[in-house]
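Reviewing the structure listed below.
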Amino acid sequence: MRILILGGTTEAAGLVRLVADRPDHDVTLSLAGRTASPLALPVRTRIGGFGGADGLAAYLREHRVAALIDATHPFAKVISGNAASASRATGVPLLAIRRPAWTRQPGDAWCEVDSVAACVPALGAAPRRVFLTVGRLELAAFAAAPRHRYLVRTIEPVGDALPGIDVTAIEARGPFDEAQEADTMRRHGVEVLVTKNSGGLATYGKIAAARALHLPVVIVRQPLLPEVARVSDAREALAWLDAHRPTDRGV
């Protein structure tokens, strides 16, 4: 069974580990290539895009893929849209692994916005110590608010995303638990957390830590994604794959 997993998340890695040793599964993991040193996983891995929905559809046909798994980040709106379009065009069954979004709990002080750019005015006019965990590619939006002092955590180097601004950069790969996140926030004097509602457990520690420390959170809502078959974790995805095993038909 030839399976293409669109990955880059904890859920994708979990599914790869579940299927890697199965001789009846031929798995390819596709990564966007935004991280220079992705985690090594025990399956064939390709790096880079497909050339839009049409390119992905061509790949599915050429490689006779029997099942397509969208295990990308909840904010990877473009590739999720391309996966849905390619599935419709080719008839290849598509499953999305979509972790539940975080919900506001008692003690949370959230300001919810619809984009990273909208986080900037939500920080207010007064200078603050801001903990940014929105990913390296969208940091430039905060250049519009140089009055703040930023603690930025990314996997890749920040580079010149915020030139001439007070930035303390941390290069680290999670997950981080609540105690670790609370320690980071205390040591750096964080006054507000800015993050995306990524959902799931792997990065929830910062949300729990902000609650415990009574810190406000500016949080970007998840975008609307295509309505496709979905599960919430890797084990449910494995069960779906077993139920969609092809018989003698091609794709």
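Since every read-out is calculated from the coordinates, none of them should be taken as a lab result. Values in this document were obtained by computation on a predicted structure and should not be read as measured data. So basically every Cβ, Gly included, is an ideal-geometry build from the backbone, and we count neighbours across all protein chains shown.
Observations on the model:
- Nearest-20 debye value, region 110-220 charge dipole, Cβ charges on Lys, Arg, Asp, Glu: 220
- Looking at region 144-251, the GluC sites (Glu not before Pro) that sit in a DSSP loop and have at most 14 other Cβ atoms within 10 Å of their own Cβ are E227.
- Nitroxide proxy distance, nm - points 7 Å out along Cα→Cβ at D160 and A144: 2.2
- Hydrodynamic radius of region 93-152 per Kirkwood, over alpha carbon pairs, in Å: 13.8
- Degrees, to the nearest 10: 178-187 long Cα axis against longest axis of the chain: 30
- For D233, neighbours were defined as the other residues whose beta-carbon sits under 12 Å from its Cβ, and their charges (Lys and Arg +1, Asp and Glu -1) total +2.
- Directionally averaged shadow of region 1-86, computed from the convex hull of its alpha-carbon atoms, nm²: 5.2
- Axis of helix 77-90 versus longest Cα principal axis of the chain: the two differ by about 10°, to the nearest ten degrees.
- For the peptides 113-122, 99-108, 133-142, residues were scored by their other Cβ atoms within 10 Å and the scores averaged per peptide; the highest-first order is 133-142, 113-122, 99-108.
- Relative contact order, percent, region 133-195 [alpha-carbon distance under 8 Å, six or more residues apart]: 36
- Selection from P127, A209, A161 lying farthest towards where the dipole of region 110-220 points positive, charges on Cβ: P127
- On Cα atoms only, tilt of 10-19 relative to the major axis of the chain in degrees: 30
- Residue among A161, A237, A86 with the largest mean-square fluctuation in a Gaussian network model of the chain, springs linking Cα atoms under 10 Å: A161
- Two-decimal log10 I(q)/I(0) for region 110-220, as the Debye equation yields it once each C-alpha is a single scatterer, q = 0.19, 0.23 Å⁻¹: -0.96, -1.50
- In the chain, the calculated helix contribution to ellipticity at 222 nm averages -7500 deg cm²/dmol per residue, counting -39,500 (n - 2.57) for every DSSP H run with n ≥ 4.
- Full extension of the segment from M1 to R245, taken as 0.36 nm per residue of separation minus the current Cα-Cα distance, would add 87.2 nm.
- Label separation (A89 vs E62): 1.3 nm, computed from points 7 Å beyond Cα along the C-beta direction.
- Based on C-alpha pairs under 8 angstrom that are at least 6 apart in sequence, the chain has a relative contact order of 24 percent.
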